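Heads up, the thing below is written out as structure tokens.
Please treat every number below as a calculation from the coordinates, not as lab data. Fair warning: this is a prediction, and the values are worked out from it, not measured in the lab. Every residue, glycine among them, receives a Cβ derived from its backbone with ideal geometry; neighbour counts consider all protein chains shown.
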Amino acid sequence: MKKYLKITPEGTKDFLFAECSAMEEVCGKIENVFTGRGFKRVITPFLEFYDVFTVPNSGITQESMFKSVDNKGRLLVARPDSTLPIARMVSTRLNNSTLPVRLYYKQAVYRNNPTLTGRRNELMQMGIELLGAKGIRADLEILTTAISAISSVADDYRIELGHAEVFDALSSELDIDEDFKERIRLSIESKNYSALNNLLDKLAPCKAVSAVRSLPSLFGGEEVFDKAKEICEGTKAADALKYLHKVYNSLAPFNLGDKLIIDLGLVQRNDYYTGIVFTGYINGIGDAVLSGGRYDNLLSVFDMPMGAAGFAIDTDAITIKTLSDANNDYSDNPDILVFAQDGHEIEAINYVNSLNKDGKKAQFSVLPTLEETKEFAHNRGISNVEVIG
Amino acid sequence: MNKLRIALTKGRLEKNTIELFEKIGYNCDEVKNKGRRLILPVGNDDFEVVLAKAADVITYVEHGVCDLGVVGKDTILENGSSFYELLDLGFGKCRFALATKKGYDFYGGYKTKTIATKYPNVTRAFFDEKNMDVRIIKIEGSVELAPLVGLADGIVDIVETGSTLKANGLEVIEWVTDISARLIANTASLKLRKKEIEELQNKLEAATK
């Protein structure tokens, strides 16, 4: 039988030295933003019951989860997401606490992606959840935390902002079933204009139909609101749009310019989100690195209805980019290698400790002879060898 | 910032796209005299094109190493997943069809039917929609052979003129879907380079009309 003892499963990888330093640096910067704003860390189990992720509208497909069974035959999964376990945890462990609660997490999620696509099946994520608060102040708190977090790790980024109710309200005015609505949603999500037009041509023309038709093209700066206002006037989407404009204007003092994009075609996981939704991109990374929004219906699934909003950041993608940016130095070499003559080992170790205390990178040589120590230093490119004794 | 990079499907779609670029006014001499090069500048160094096999166009765009791509809807349906589909370019038109031997009663009887195809995902989706269990066998070359030698009851394949089918005694019994070339975009690129991409998209859209 073939033994797979020297490779890691597809979509996973080892992290070595500089990769770990870069990851720690990226996570550290984001963590500073989170803790500075009063978010407290939680850790949820790697394994959860399958049922946690199959709540209505979770948006997580059966085939994307790694499954196993416990000793009673119950279905377990490697968490594919951190928000649902946190909702479970809050509804049981924190059901008596004073609201709102601010939580953050730093843990991997696991997704069983299609094979040979180069996608990662183990992804480190950091994110926050603000539970038990609704309204514009809560939304601004989440959004500005997202902006601070992404700008702490990148200069050239975009945050796009949308509202789940825009599509919900417009599609509720159409005479369509759930299946048809989902097909429309998918074509808006992928900005597939021709598919969307084909679908909408089957419906009787009305204000809502033409509004839905223009959703994927309604992205950009503040001018989007002018266009959208005209298109959505008199429809149920008008309120959501007005609210979104208010949020957008509130962010004006941040001077984000074209870094802040409005996208009314942002309809990902649209049954899960109930209010603002947003996504973050960083120049040089081909996929969204941040995504989140308001999900006020989720906690009622766990019998503790309350407002909730949050976001997750794909820190792995940012780590990879940080590493490839040439100006970052993650050399793991010590500046000084200290060799002890026989009988002077502890003296040398104390010397190394004192150097390290002064902020110098020093290392005690564990090789038995000075010759070998020098050869090692030469091979690794360590310029300074000091001898004690 | 880097130039926009566009992945083109090698062959006929590449030629059609180049014609479109020239119609808009971009100089494409480098692409026409490419030799063995795979990355080529277009116009006055306005952007560059990359030549790739159809399915790879999607892969390059999905991973964001190319901002845009030109690829057939057939490849999109078969390989799918996350990118923006911005424009129907109107060329490379053909259709997916279900075909059988002439006169064969495909939907008759209770026997589970066997389908030979180069496009297993398209085939699976088509019969899933009908709630019909079929056995799908992937074939790499001339799919028309499979029903003739008795491997399959029918085929799902791209049909342009239908002459190959006719010459082998096969006939289309149902059209699956229409196909044409599409302009696709990486999701992050569209957000990060909105102006450039929209400008090109609008020019292309105007030129296809």
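Of A:T274, A:I231, A:L218, which is farthest along the charge dipole of region A:157-282 in the positive direction, counting Lys and Arg as +1 and Asp and Glu as -1 at C-beta?
A:L218
Arrange the peptides A:295-302, B:9-16, B:115-122, A:81-88 so that the one whose residues have, on average, the most other Cβ atoms within 10 Å appears first. All intermediate terms of the calculation are to be shown ahead of the outcome.
On the way: A:295-302: 18.4, B:9-16: 16.8, B:115-122: 21.4, A:81-88: 22.9.
In descending order of packing, they fall as A:81-88, B:115-122, A:295-302, B:9-16.
Over all directions, what mean area does the Cα convex hull of the protein assembly as shown project, stated in square nanometres? Intermediate results must be reported in sequence, preceding the final value.
Working: hull surface 151.7 nm².
Spelled out: convex hull of the Cα atoms, projected over all directions, averaged, 37.9 nm².
Contact order normalised by length for region A:157-282, with contacts defined as Cα pairs under 8 Å and 6 or more residues apart; what percent is it?
Details: 165 pairs, mean separation 67.4, N = 126.
The value is 54 percent.
Using alpha-carbon positions, what is the distance between the centroids of region A:81-127 and region A:157-172, in Å?
Value for the Cα centre distance between the two parts: 23 Å.
Need one number: % antiparallel among DSSP beta bridges in region B:1-78, to the nearest 5. Mind showing how you got there, number by number?
Values: 4 of 13 bridges.
Counting only bridges with both partners in region B:1-78, antiparallel ones make up about 30 percent.
Relative to the longest principal axis of the C-alpha atoms of chain B, give the angle of the C-alpha long axis of helix B:120-129, reported between 0 and 90° and rounded to the nearest 10°.
The answer is roughly 60 degrees.
Tally Lys/Arg at +1 and Asp/Glu at -1 over every other residue whose Cβ is under 11 Å from the Cβ of B:V172; what's the total?
Details: positive: B:R95, B:K102, B:K166; negative: B:D157, B:E171, B:E174.
Result for the neighbourhood of B:V172: 0.
With a sphere of radius 13 Å drawn around the Cβ of A:A133, what net charge do the other residues whose Cβ falls strictly inside it have (Lys, Arg +1; Asp, Glu -1)? Present the calculation step by step, with values, prior to reporting the outcome.
Values: positive: A:R102, A:K134, A:R137, A:R294; negative: A:E129, A:D139, A:E141, A:D296.
Result for the local shell: 0.
Report ³J(HN,Hα) in whole Hz for each residue of region A:359-369, in order, from the Karplus equation J = 6.51 cos²θ - 1.76 cosθ + 1.60 where θ = phi - 60°; Gly and Pro get x.
So the J values, rounded to whole Hz, are x, 8, 8, 10, 9, 8, 6, 9, 7, x, 10.
Provide, as a two-decimal number, the C-alpha radius of gyration of region A:336-388 over 2.2 N^0.38 Å, N being how many residues it has. Could you put the intermediate results ahead of the total?
Working: Rg = 10.4 Å, N = 53, 2.2 N^0.38 = 9.9 Å.
Output field value: 1.04.
Explain nothing, just the number: relative contact order of chain A, from Cα pairs under 8 Å at least 6 residues apart, as a whole percent. If you can, show how the numbers build up before the last one.
On the way: 605 pairs, mean separation 70.3, N = 389.
Taking the mean separation of contacting Cα pairs over the length of chain A, I get 18 percent.
Tabulate in residue order the Karplus-calculated ³J(HN,Hα) for region A:340-356, using 6.51 cos²θ - 1.76 cosθ + 1.60 with θ = phi - 60°, rounded to whole Hz; enter x for Gly and Pro.
9, 5, 3, x, 10, 4, 5, 4, 5, 5, 5, 5, 4, 4, 5, 4, 4
Pull up all non-local amide H partners of A:I261: gap of 5 or more, or a different chain, and H-to-H distance under 5 Å with H placed in the peptide plane.
A:I159, A:E160, A:L161
How are the C-alpha pair distances of region A:258-354 spread across 10 Å bins, as whole percents from the shortest bin up?
P(r) over region A:258-354, rounded to whole percents: 12, 25, 19, 14, 12, 12, 7, 0.
What does the structure give for B:182-191 when I average, per residue, the other chain Cβ atoms found within 10 Å of the residue Cβ?
On the way: counts 4, 0, 3, 2, 2, 8, 12, 3, 4, 12.
What the average comes to for B:182-191 is 5.
Taking amide H positions as placed in the peptide plane 1.01 Å from N, state which residues far from A:I388 in sequence (5 or more) or on other chains have amide H under 5 Å from it.
Correct list: A:F339, A:A340, A:Q341.
Rounding to the nearest 10 and keeping the result within 0 to 90°, find how far the Cα-based axis of helix A:370-380 lies from the longest principal axis of chain A.
That works out to roughly 30 degrees.
Relative to the compact-globule scaling 2.2 N^0.38 Å, provide the ratio for the alpha-carbon radius of gyration of chain B. The partial results should precede the final answer.
Details: Rg = 19.5 Å, N = 209, 2.2 N^0.38 = 16.8 Å.
Cα-based Rg divided by the globular estimate yields 1.17.
If you place +1 on the Cβ of every Lys and Arg, -1 on the Cβ of every Asp and Glu, and leave all else neutral, what size is the dipole of region A:336-388 about its Cα centre, to the nearest 20 Debye? Could you put the intermediate results ahead of the total?
Values: 5 positive and 8 negative charges, 69 e Å.
With Lys and Arg at +1 and Asp and Glu at -1, about 340 debye.
Might you report the magnitude of the Cβ-based charge dipole of region A:157-282 about its Cα centre, with Lys and Arg at +1 and Asp and Glu at -1, to the nearest 20 debye? Please list the in-between numbers first.
On the way: 15 positive and 20 negative charges, 50 e Å.
My answer is approximately 240 debye.
Relative contact order of chain B: what whole-number percent is it, with Cα pairs under 8 angstrom and at least 6 residues apart?
Rounded, it is 28 percent for chain B.
Mind pulling the per residue volume of the convex hull built on the Cα atoms of region A:122-175? Å³ is fine. Walk me through the numbers on the way to the answer.
Details: hull volume 8.8 nm³, N = 54.
Per-residue hull volume (Cα only) is 163 Å³.
Got a sec? Charge dipole of the protein assembly as shown, +1 on Cβ for Lys and Arg, -1 for Asp and Glu; which of B:G43, A:L47, B:L145 is way out at the positive end?
B:L145
Enter the angle in degrees (range 0 to 90, nearest 10) between the Cα long axis of helix A:83-93 and the first principal axis of the Cα atoms of chain A, meaning the one along which they spread out most.
90
Where does each of B:C66, B:C28, B:C94 land when they are ranked from fewest to most other beta-carbon atoms within 10 angstrom?
Numbers: B:C66 27, B:C28 19, B:C94 16.
Ordered by Cβ neighbours within 10 Å, fewest first: B:C94, B:C28, B:C66.
How large is ³J(HN,Hα), in whole Hz, for each residue of region A:264-281 in order, when computed from phi with the Karplus curve 6.51 cos²θ - 1.76 cosθ + 1.60 and θ = phi - 60°, using x for Gly and Pro?
Using θ = phi - 60°, the values come out as 7, x, 7, 10, 4, 6, 5, 7, 8, 7, 10, x, 5, 10, 8, 9, x, 10 Hz.
Taking the Cα centre of the protein assembly as shown as origin and charging only Cβ (+1 Lys, Arg; -1 Asp, Glu), how large is the dipole, in debye to the nearest 20? Don't jump to the answer; show the numbers that get you there.
Numbers: 74 positive and 85 negative charges, 215 e Å.
For the protein assembly as shown, the charge dipole is close to 1040 debye.
From the cross-link list B:K10/B:K166; A:K106/A:K229; A:K181/B:K191, which pairs have alpha carbons spaced over 30 Å apart?
Over 30 Å Cα-Cα: A:K106/A:K229.
Just how far, in whole angstrom, is region A:280-332 from region A:1-59 if you go by their alpha carbon centroids?
So the separation of the two Cα centres works out to 11 Å.
For region A:217-318, what percent of Cα pairs sit more than 16 Å apart?
Working: 3374 of 5151 pairs.
Percent of Cα pairs beyond 16 Å in region A:217-318: 66.
Hey, what's the Cα Rg ratio for region A:157-282 versus the globular rule of thumb, 2.2 N^0.38 Å? Spell out each step's value before the answer.
Values: Rg = 14.0 Å, N = 126, 2.2 N^0.38 = 13.8 Å.
Rounded to two decimals, the normalised Rg is 1.01.
What net charge do the residues around A:M65 carry, taking every other residue with its C-beta under 12 Å from that of A:M65, with Lys and Arg at +1 and Asp and Glu at -1?
On the way: positive: A:K67, A:R79, A:R111; negative: A:E48, A:D51, A:E63, A:D81.
Combined, the nearby Lys, Arg, Asp and Glu give -1.
Taking each residue in A:188-196, count the Cβ atoms of any other chain within 10 Å of its Cβ, then average. What number comes out?
Values: counts 0, 3, 11, 9, 9, 8, 9, 4, 1.
Shielding by partners across A:188-196 averages 6.
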